[in-house]
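Written below as structure tokens is the structure these notes are about.
The values are calculated or read from the model by the stated rules, or taken from the named source; none is laboratory data. Since we're looking at a predicted model, the values are computed, not measured. Every residue, glycine as well, gets a Cβ built from its backbone with ideal geometry; the counts of neighbours run over all protein chains shown. Just the protein is used for accessible areas: all its heavy atoms, side chains included, with ligands, DNA and RNA removed. Shrake-Rupley method; radii C 1.70, N 1.55, O 1.52, S 1.80 Å.
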Amino acid sequence: MRALKRSTSAAVALAALAGTAALATATPASAASYHCKTSSHSVDDPSYTGPDSDNWDLDVTLCALRSGGYIYTTATVYWDGPYTAKNRSTLTFNKARFVLQTKKSVKGTDPVVKSGAYTGLEHALEHSSSNGNGSYSTGTLKYKAGSGRYLADGYIHLDWSGDGKSYRAPVLFTASPVV
């Protein structure tokens, strides 16, 4: 029992040291708080006409952060797909991507100052849980901020397998708050 107490004490001490080291090496982006907005959209699979439900309920959280003279933007996609999605697996999409954009907030249309297309969304969607659920996080875009305010925006592009068309109209979501 005494050896167990010593081992536990040593593990607690090491965990505390590791936590301190992790805080000391944290990037500026992790030290501040992201400003985020989540919005939803339901998408019908146009290639499926069977009796089962085929809608994909998508929630996207778009986040922006200003830290150390930079703007950081990121997004996470959550979905509740049809339970039959697992059965169709890689036959659901030809292509799917999330396009993340860093925009400068101005009067009128906000110009895109940096963007990235994340094609890993296709694999994530097609490898949903057995209930058709899942999530996917983009990378983080970093942009040297000038004067003014910035925000994260983005959309999903889906190319459904079996419908004979390429990418459909983008699925739009609500942008993050400005930073």
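Here are some notes:
- Residue-normalised accessible area of the stretch 36-117, expressed per residue, 1.4 Å probe, Å²: 48 Å²
- Using Cβ point charges alone (K and R +1, D and E -1), the dipole size of the stretch 53-179 about the Cα centre works out to roughly 720 debye.
- Restricting the stretch 99-142 to trypsin sites (Lys or Arg not before Pro) that sit in a DSSP loop and have at most 14 other Cβ atoms within 10 Å of their own Cβ leaves LYS107.
- As an equivalent ellipsoid, the stretch 84-179 spans semi-axes of 31, 14, 10 angstrom, where each value is the square root of five times an eigenvalue of the C-alpha gyration tensor, largest first.
- For SER130, solvent-accessible area (1.4 Å; no DNA, RNA or ligand), Å²: 90 Å²
- In this simple spin-label approximation, SER147 and THR38 carry label points 7 Å from Cα along the Cα→Cβ vector, and these lie 3.8 nm apart.
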